[in-house]
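A.B. asks: A single structure is presented below for examination.
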Amino acid sequence: MYIGHFAIAYVLIRLFPGIPPLVPLIGVGFPDILWPVLIFLGIEKAEINPDSPLQKYVRFTSYPYSHSLVISFIISCFGGLLLAYAIYPIAGAVFVIASSSHWFLDIIVHLKDVPVLGFRPDKKVGLGMWNRPKMAFAIEYIFYTLVVAFFMPANYVLPLIILGTFGHLINANSFLGFTKTNPFKSSKQYAMLALIGFIVFSLIANYVLGG
Ligand SMILES: [Zn+2]
């Protein structure tokens with residue numbers, strides 16, 4: 001999931017207006033910012049399907065640190081502690097809440113590959129909405145736009161919807177399969193797009209929100 005995560009950041013920005021918007025914006029994407037780093041280091045593993053760009057064919061074979069409920073939460077607490085020290089305690093707490101929200105949204109779309117504990121004996125979960133890619137594409141977009149429309153002040157609604165539309169369209173091939181083969185040649189290339197995508201989206205949204 002991509003733009004859907006940012007909807008949660010917007011809710012947190014409204015609930016905690018005193019906190020720099022970048023804290024929840026980076027927080028909601030933290031697992032997907034950590035994941036590419038661990039893929040580059042060879043600590044976590046994924047395989048793309050060269051014959052299809054569809055998200056459902058990406059095999060997330062091992063990502064216990066970035067994407068488990070328990071270990072990812074513990075890692076996010078270290079980030080939270082740093083922010084609590086650097087800014088103030090509630091900023092650290094908001095970062096941890098934002099990062100934890102990632103798992104709950106990811107399990108809606110991912111196939112049964114999302115770890116709960118991150119260590120043995122583990123269980124993997126996922127409701128698999130990516131198996132119905134057109135529906136998943138529509139629902140993620142509707143969720144994002146509804147949250148923006150209901151939670152954000154009127155002057156931010158249009159720029160955030162434009163930003164979300166742009167971000168979602170960049171991701172469209174992985175839902176709608178415009179290309180016959182996968183434009184990504186390796187999991188590292190795919191991970192690089194995730195890293196850039198989450199950081200750039202966060203920075204632009206932060207700019208729009210005057211952070
Ligand atoms: Zn994720």
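A.B. asks: Provide the per-residue ³J(HN,Hα) series for the range 24-37, in order, calculated from phi with Karplus coefficients 6.51, -1.76, 1.60 and θ = phi - 60°, each as a whole number of Hz, with x at glycine and proline positions.
C.D. replies: For the range 24-37, the Karplus curve yields x, 5, 6, x, 5, x, 3, x, 7, 8, 5, 4, x, 4 Hz.
A.B. asks: Report the gain in length on full extension from Leu82 to Ile196: 0.36 nm times residue separation, minus Cα-Cα distance, nm rounded to one decimal.
C.D. replies: 38.7 nm
A.B. asks: Enumerate the calculated ³J(HN,Hα) couplings along the range 57-73 in order (Karplus 6.51 cos²θ - 1.76 cosθ + 1.60, θ = phi - 60°), each rounded to whole Hz, writing x wherever the residue is Gly or Pro.
C.D. replies: Result, ordered by residue: 9, 6, 9, 8, 5, 8, 8, x, 7, 7, 10, 8, 5, 7, 5, 4, 4 Hz.
A.B. asks: Let me ask something else about it. To make sure I understand the rule: partners must be aspartates and glutamates, Cα under 14 Å from the Cα of Lys123, and not fewer than 8 residues away in the same chain. Which ones qualify?
C.D. replies: Asp113
A.B. asks: Spelling out what I want: for every residue of the range 110-121, take phi, set θ = phi - 60°, compute 6.51 cos²θ - 1.76 cosθ + 1.60 (Karplus), and round to whole Hz; glycine and proline get x.
C.D. replies: Per-residue couplings from phi come out as 5, 6, 6, 10, 8, x, 8, 7, x, 8, 6, x Hz.
A.B. asks: Still on this structure, please answer the following. How much length is gained on full extension from Thr61 to Arg132, taking 0.36 nm per residue of separation minus their Cα-Cα distance?
C.D. replies: Numbers: separation 71, 0.36 × 71 = 25.56 nm, distance 2.08 nm.
Using 0.36 nm per residue and subtracting the Cα-Cα distance, I get 23.5 nm.
A.B. asks: Let me ask something else about it. How far is the Cα center of the range 101-142 from the Cα center of the range 1-74, in Å?
C.D. replies: 11
Where a number appears in this text, it was derived from the coordinates with a stated rule and is not lab data. Computed from a predicted structure; not experimentally measured.
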